Structure formats: C-alpha cells, structure tokens
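The values are calculated or read from the model by the stated rules, or taken from the named source; none is laboratory data. The shown structure was predicted, so the numbers you read here are calculated from the model rather than taken from an experiment. Every residue, glycine among them, receives a Cβ derived from its backbone with ideal geometry; neighbour counts consider all protein chains shown.
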Amino acid sequence: MNTHISFRKYCVRLGLIGMLFIAGCSVKAPEVKITGEKTALENQVIGTYNEIEQDSWTIASVRSATPGQQVTMSDEKKKVLSAVQNRRFNKDDINEFKRDGVVGENNSGFLEIRDYTRLNEDPEYRKRVEKIVAEENNDRQTILERSMQVNDQIAGAGEEAVGRVYAKIYQDESELNTWIQIEDNSWVKKGAEK
C-alpha cells in the first residue's frame with residue numbers, strides 16, 4: 001500500500017511538472033535561419049543543430065523543474081550538453097571580442113583571432129581572449145562531431161563540408177560589422193561581403 005501511495009505521489013508530481021511545462025514554463029530554443037537557397041546538407045545540419053539546441057534546453061528545463069532527480073544520458077550527450085551550455089555562457093564575451101575586431105568567424109566554422117596588436121598591448125585581455133576562443137572552438141568541435149554521430153547523411157558529407165555549413169550558421173548569427181571569412185578565404189566586415 002505504501003509503494004502505491006509513493007508511486008501515486010510521483011505520478012501527480014510528474015503530471016504537475018508536465019502541466020507547468022506545457023502551460024508556458026517551457027523554453028524555446030533559438031531558431032537558426034540562413035538566407036537564400038539551402039542545400040540538402042545545410043538543411044540536415046540545421047535540423048540536427050536545432051535538435052541539439054532543443055535537447056539542451058529541454059534537459060536544462062527538466063533538471064530545474066525536478067530538483068534532486070537525475071536525468072540519465074550518455075557520456076556523448078553530456079559532453080554536447082556541456083558544450084552548448086558553455087557556448088551560452090561565453091556568448092557575451094565572444095560578441096565583445098568580435099565588436100572589438102580581435103576575433104572573427106572563419107569559413108570553417110570556428111573563431112579565429114585576427115588582431116594581435118591590441119592583444120599584445122594588453123596581456124590580461126589577450127589571455128582572456130585566447131582562453132575563451134579556445135573553449136568556444138572546442139565546444140564547436142564537440143557539436144560538429146555530435147552532429148556527425150547522430151546523422152549518417154551529415155557524416156557522409158565529411159567534416160570539412162559540415163564545418164562550412166556551421167560557418168554559415170555562426171556567421172549569420174554574428175552582428176553586422178564583425179569580421180567574417182568568405183569562401184575565397186579573404187576577410188570582410190559582415191554586411192560588406194556582397
């Protein structure tokens with residue numbers, strides 16, 4: 001009888017959490033939009049990227065709604081969740097570095113340090129930039145690899161092609177007048193590349 005009551009309480013709690021979640025306590029993952037015609041690979045990568053983002057939002061929401069309860073997941077999923085969360089945490093710093101012109105989005109899907117003059121003048125700033133850029137690039141690599149693990153069509157395209165698609169996503173997310181590397185490997189300010 002006691003087990004029946006505990007199970008019943010568990011079901012009621014789970015139902016309440018579900019109702020709160022449905023009633024507006026859920027978090028919507030940001031949409032990724034790329035202008036122009038998309039290739040099949042771009043559609044696959046964008047869909048998988050959105051799924052990874054949505055998974056991280058969902059897991060974070062469930063964890064905050066049910067304190068003390070463990071959410072079981074694979075090591076790979078934990079690693080990608082950590083990467084997504086770390087990217088959110090570092091986003092403001094990265095945007096600052098981009099606005100300062102010391103960092104840009106290359107055409108392979110990673111950040112690249114562009115202006116060492118300012119970095120050489122301020123060793124503390126340089127240390128901060130190098131640390132966060134390395135973290136961000138590691139997180140991006142984790143997300144790229146996870147995309148290839150969960151989607152055979154993406155894996156079949158190869159890491160270089162997938163990296164170029166991620167480059168388009170990250171460049172699209174960048175603010176105007178920040179540095180981006182275009183297909184011919186030259187660097188331009190976003191908005192002036194056309």
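For residues that are among the aromatic types (Phe, Trp, Tyr) and in a helix (DSSP H, G or I), scanning just region 140-181, find the one that is nearest to Glu193 (Cα to Cα).
Top of the filtered list is Tyr170.
So, in region 142-194, of the ones that are closer than 11 Å to Glu105 by Cα, among the β-branched types (Val, Ile, Thr) and touching a residue at least 12 places away in the same chain (Cβ under 8 Å), which residue ends up surrounded by the fewest Cβ atoms within 10 Å (Cβ to Cβ)?
Applying the filter and picking the extreme gives Ile182.
Determine whether region 177-185 contains at least one residue that is at pLDDT 95 or above, in contact with a helix residue (DSSP H, G or I) (Cβ under 6 Å, 6 or more places away or on another chain) and under 24 Å from Phe97 (Cβ atoms).
Yes, the conditions are met somewhere in region 177-185.
What residue, among those in region 114-124 that are of a type outside the set (Lys, Arg) and surrounded by 15 or more Cβ atoms within 10 Å (Cβ to Cβ), is farthest from Val188 (Cα to Cα)?
Leu119
Listed here are the residues, each with its yes/no results for (1) modelled with pLDDT of 55 or more; (2) farther than 24 Å from Gln171 by Cα; (3) in contact with a Lys or Arg (Cβ under 7 Å, 6 or more places away or on another chain).
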{"residue": "Ala29", "(1), (2), (3)": "no, no, no"}
{"residue": "Val32", "(1), (2), (3)": "no, no, no"}
{"residue": "Gly36", "(1), (2), (3)": "no, no, no"}
{"residue": "Gly47", "(1), (2), (3)": "yes, no, no"}
{"residue": "Glu53", "(1), (2), (3)": "yes, no, no"}
{"residue": "Ser61", "(1), (2), (3)": "no, yes, no"}
{"residue": "Pro67", "(1), (2), (3)": "yes, yes, no"}
{"residue": "Val80", "(1), (2), (3)": "yes, no, yes"}
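Select, from Gly104, Gly191, Gly109, the only residue that is modelled with pLDDT of 95 or more and in a loop (DSSP other than H, G, I, E, B).
Testing whether each residue is modelled with pLDDT of 95 or more and in a loop (DSSP other than H, G, I, E, B) leaves just Gly109.
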